[in-house]
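Worksheet: one structure, shown below.
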Amino acid sequence: MKIFRCQHCGQMVYFANTRCERCGHRLGYIPDLAVLSALAPLAGDAWQPLADPARTMRFCANAVHDVCNWLIPAGNANPFCRACRLNRTIPDLDRWDNRLRWQRLETAKHRLVYGLLRLGLPLTSRFDDPEQGLAFDFLANSGRVGREQAQIVTGHAAGLITIDIAEADDAERERHRQDMAESYRTLLGHFRHEVGHYYWDRLVRNGLWLAAFRDLFGDERQDYGASLARHYAEGPPADWSQRFVSGYASAHPWEDFAESWAHYLHIVDTLETAHAFGMRIQPGNEPDPALSMAIDFDPYRQRDFDALMAAWLPLTYAVNSLNHSMGLPDLYPFVLAPTVMGKLRFIHGLIFH
């Protein structure tokens, strides 16, 4: 993620901010410029972004729920921004806990969409493109007990991503993380994983990359349901860390791709943040190439996969060590074995081909 500054006073502001704490200017995000802009009020609901004064913009309709700060051109007939028009179902907002959970979900989803747009990936709403578009259902259990209570399962099916909004509850998500023996479980991780399934359908299925995918990840035609059942009953193979980025990735080639896709997005976005802060790593007095890094490129535009990895690995060593100093577990609790690196390289090539 980039660093943003208020165009009026120069104060550093963050992606989800709606107001500059120093000068009080309203803030809005312009997705096609990837800029968070200070705003000057115009007539009605219109605003002039100081980052591009020639434009007249208005807020997404979801701004009234305090879940979105994205802008759309004033003349656009669609009331929703690029991120919010992907929603098919939102929770019942009469419940205050649903409103809070939806806010957390949208924060993660908007960050996901930021990255997808920065990478130039195809991204259309299912409302605009019923065949290939993407949509989200944010669902909550009704609380009823009995046969009519259907379990909500977070997952992807034919361009529709379903998210159980209970995942936005920190205690509930931590309970699932412990139950599933996962080292990492976040809302943003869920979004990046599930959208990986969507992009497998769009970029790999029936395309030129399918044969290479099967060589590297395995044959996705094996029974998916049976593979998951076996995984949940037996767990991952003992040597999974030599071939997969996570234990769950070993369940089926589709899950392997989705987990690898999510990790690629983790890497690029985190490197952009490190780049924005001008981070350099050089431990000790003698530079060690394996432990040193300096990012002098835009990670979202870097076509050289090796350059990304040369920056990423030293950064993970440093941030994990910082966490240990605070008595916290690894920030990035994963080992990128050579086979896993090959899968990440495949995804990089898929995006930049």
**region 212-252: translational diffusion in µm²/s, Stokes-Einstein, Kirkwood Rh over Cα pairs, 20 °C, 1.002 mPa s** = 200
**Request:** Apply 1/(1 + (r/R0)^6) to the Cβ-Cβ distance of residue 65 and residue 224, taking R0 = 30 Å, and write down the FRET efficiency to the nearest 0.05.
**Result:** 0.25
**Message:** Heavy atoms of the protein only, probe of 1.4 Å, neighbouring chains included. What is the accessible area of residue 250 in Å², nearest 10?
**Reply:** 30
**Asked** Just the projected area, averaged over all directions, of the convex hull on the alpha carbon atoms of region 46-176: how many nm²?
**Response** 10.2
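From the convex hull of the Cα coordinates of region 12-75, what is the mean projected area in square nanometres?
If I average the Cα hull's projected area over directions, I get 4.3 nm².
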**Asked** By what distance, in whole Å, do the Cα atoms of region 233-321 stretch along each of the three principal axes, largest value first?
**Response** 49, 29, 19
**Prompt:** Mind ordering 164-174, 16-26 by average Cβ neighbours within 10 Å, highest first?
**Reply:** 164-174, 16-26
**Request:** Mind pulling up the Rg/Rh value for the chain? Radius of gyration and Kirkwood radius, both on Cα.
**Result:** 0.97
**Asked** Once amide H atoms are built 1.01 Å from N in the peptide plane, which residues 5 or more positions from residue 136, or in another chain, come under 5 Å H to H?
**Response** 87, 88, 89, 161
**Request:** Report, largest value first, the span of the C-alpha coordinates of region 198-282 along each principal axis, in whole Å.
**Result:** 47, 33, 19
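The values are calculated or read from the model by the stated rules, or taken from the named source; none is laboratory data. Since we're looking at a predicted model, the values are computed, not measured. Cβ coordinates were reconstructed from backbone atoms using ideal geometry, including for glycine residues, and neighbour counts include every protein chain displayed. Just so you know, the surface numbers come from the protein's heavy atoms only, side chains and all, with ligands and any DNA or RNA stripped out. Shrake-Rupley method; radii C 1.70, N 1.55, O 1.52, S 1.80 Å.
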